[in-house]
Amino acid sequence: MFRIHMLPAEHGDCLWVEYGTTQPPKRILIDAGTVGTYPRALLPKIKAVVAAEGSCRFELFVVTNIDADHIGGAIEFLKQAPGCGVVIKEVWFNPR
(Lines give C-alpha, C1' and ligand atoms only; values in the text may rest on other atoms or scores of the structure.)
Protein backbone atom coordinates (compact mmCIF):
# COMPACT_ATOMS: atom_id res chain seq x y z
CA MET A 1 0.00 0.00 0.00
CA PHE A 2 1.22 3.51 -0.85
CA ARG A 3 -0.87 6.70 -0.51
CA ILE A 4 -0.08 10.39 -0.66
CA HIS A 5 -2.56 12.86 0.82
CA MET A 6 -2.04 16.48 -0.22
CA LEU A 7 -3.61 18.37 2.66
CA PRO A 8 -5.05 21.83 1.95
CA ALA A 9 -2.23 24.17 2.92
CA GLU A 10 -3.30 27.41 1.23
CA HIS A 11 -0.30 28.34 -0.89
CA GLY A 12 2.04 25.93 0.95
CA ASP A 13 2.81 22.24 1.11
CA CYS A 14 1.66 19.55 3.53
CA LEU A 15 2.06 15.99 2.30
CA TRP A 16 0.93 13.00 4.38
CA VAL A 17 2.41 9.75 3.04
CA GLU A 18 1.27 6.29 4.12
CA TYR A 19 2.97 3.06 3.07
CA GLY A 20 3.46 -0.56 4.08
CA THR A 21 0.72 -2.64 5.62
CA THR A 22 -2.69 -1.08 6.01
CA GLN A 23 -3.05 -1.59 9.80
CA PRO A 24 -1.31 0.50 10.94
CA PRO A 25 0.52 1.99 7.98
CA LYS A 26 3.88 3.69 8.29
CA ARG A 27 3.68 7.46 7.85
CA ILE A 28 5.83 10.34 6.65
CA LEU A 29 4.83 13.99 6.93
CA ILE A 30 6.50 16.41 4.52
CA ASP A 31 6.13 20.07 5.51
CA ALA A 32 3.13 21.41 7.38
CA GLY A 33 1.93 24.32 5.28
CA THR A 34 1.15 27.77 6.60
CA VAL A 35 0.23 28.58 10.21
CA GLY A 36 -3.45 27.93 9.49
CA THR A 37 -2.81 24.47 8.03
CA TYR A 38 -2.26 22.83 11.40
CA PRO A 39 -5.64 23.56 13.00
CA ARG A 40 -7.68 23.32 9.78
CA ALA A 41 -6.21 20.28 8.03
CA LEU A 42 -3.44 18.52 9.92
CA LEU A 43 -4.89 18.34 13.45
CA PRO A 44 -8.24 16.82 12.35
CA LYS A 45 -6.38 14.10 10.42
CA ILE A 46 -4.14 13.40 13.41
CA LYS A 47 -7.16 13.20 15.73
CA ALA A 48 -8.85 10.69 13.41
CA VAL A 49 -5.76 8.47 13.43
CA VAL A 50 -5.39 8.72 17.22
CA ALA A 51 -9.06 7.78 17.65
CA ALA A 52 -8.62 4.74 15.43
CA GLU A 53 -5.14 3.61 16.52
CA GLY A 54 -4.47 5.15 19.92
CA SER A 55 -1.57 7.25 18.63
CA CYS A 56 -0.34 8.76 15.39
CA ARG A 57 3.19 7.62 14.62
CA PHE A 58 5.37 9.22 11.96
CA GLU A 59 8.49 7.42 10.86
CA LEU A 60 9.76 10.72 9.49
CA PHE A 61 8.85 14.41 9.53
CA VAL A 62 10.59 16.45 6.83
CA VAL A 63 10.75 20.26 6.77
CA THR A 64 12.08 21.09 3.32
CA ASN A 65 12.83 24.79 3.90
CA ILE A 66 12.17 27.70 6.22
CA ASP A 67 9.69 29.57 4.04
CA ALA A 68 6.46 30.30 5.91
CA ASP A 69 4.37 28.16 3.54
CA HIS A 70 6.37 25.07 4.56
CA ILE A 71 7.30 25.70 8.19
CA GLY A 72 4.45 27.86 9.51
CA GLY A 73 2.28 24.89 10.42
CA ALA A 74 5.29 22.84 11.50
CA ILE A 75 5.93 25.10 14.46
CA GLU A 76 2.42 24.52 15.86
CA PHE A 77 2.56 20.83 14.96
CA LEU A 78 5.81 20.31 16.88
CA LYS A 79 4.64 22.37 19.87
CA GLN A 80 1.39 20.43 20.22
CA ALA A 81 2.39 16.96 18.94
CA PRO A 82 3.31 15.38 22.31
CA GLY A 83 -0.06 16.27 23.85
CA CYS A 84 -2.03 15.08 20.82
CA GLY A 85 -0.82 11.47 20.76
CA VAL A 86 1.78 12.06 18.04
CA VAL A 87 5.04 10.13 18.02
CA ILE A 88 7.80 11.22 15.61
CA LYS A 89 10.66 8.80 15.11
CA GLU A 90 12.95 11.08 13.08
CA VAL A 91 13.01 14.71 11.86
CA TRP A 92 14.88 16.01 8.82
CA PHE A 93 15.23 19.78 8.59
CA ASN A 94 16.74 21.92 5.84
CA PRO A 95 17.58 25.31 7.44
CA ARG A 96 17.96 27.11 4.09
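The values are calculated or read from the model by the stated rules, or taken from the named source; none is laboratory data. In this text, all values refer to a predicted model and were calculated from it rather than measured experimentally. In this analysis, Cβ positions are derived from the backbone assuming ideal geometry, glycine residues included, and neighbour counts consider all displayed protein chains. Only protein heavy atoms, including side chains, enter the accessible area calculation; ligands, DNA and RNA are left aside. Shrake-Rupley method; radii C 1.70, N 1.55, O 1.52, S 1.80 Å.
The rows are residues; the columns are (1) over 13 Å from the mean Cα position of the chain (by Cα); (2) at pLDDT 95 or above; (3) among the aliphatic types (A, V, I, L, M).
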position: Met6; (1), (2), (3): no, yes, yes
position: Glu10; (1), (2), (3): yes, no, no
position: Gln23; (1), (2), (3): yes, no, no
position: Thr34; (1), (2), (3): no, no, no
position: Lys45; (1), (2), (3): no, yes, no
position: Val49; (1), (2), (3): no, yes, yes
position: Phe58; (1), (2), (3): no, yes, no
position: Glu76; (1), (2), (3): no, no, no
Original post:
Which of (1) in contact with an Asp or Glu (Cβ under 9 Å, 6 or more places away or on another chain); (2) closer than 18 Å to Gly85 by Cα; (3) hydroxyl-bearing (Ser, Thr, Tyr); (4) open to solvent by 20 Å² or more (accessible area, probe 1.4 Å) does Tyr38 not meet, given it meets every other one?
Top reply: (4)
**OP:** Only strands (runs of 3 or more DSSP E) wholly contained in the chain count here; list those with 2 or more residues that are among the basic types (Lys, Arg).
**Re:** 26-30
Original post:
Is it fair to say Ala9 is touching a residue at least 24 places away in the same chain (Cβ under 8 Å) and either in contact with a Cys (Cβ under 6 Å, 6 or more places away or on another chain) or open to solvent by 50 Å² or more (accessible area, probe 1.4 Å) (or both)?
Top reply: no
Subject >> Hits in region 20-35 (condition: within 16 Å of Val62 (Cα to Cα) and either open to solvent by 40 Å² or more (accessible area, probe 1.4 Å) or touching a His at 6+ places or on another chain (Cβ under 6 Å) (or both)) >> reply: Lys26, Ile30, Asp31
**OP:** Select from region 41-89 the residues that are out of contact with any Asp or Glu (no Cβ under 6 Å at 6 or more places or on another chain) and among the polar types (S, T, N, Q) and write down the one among them that is most open to solvent (accessible area, probe 1.4 Å).
**Re:** Gln80
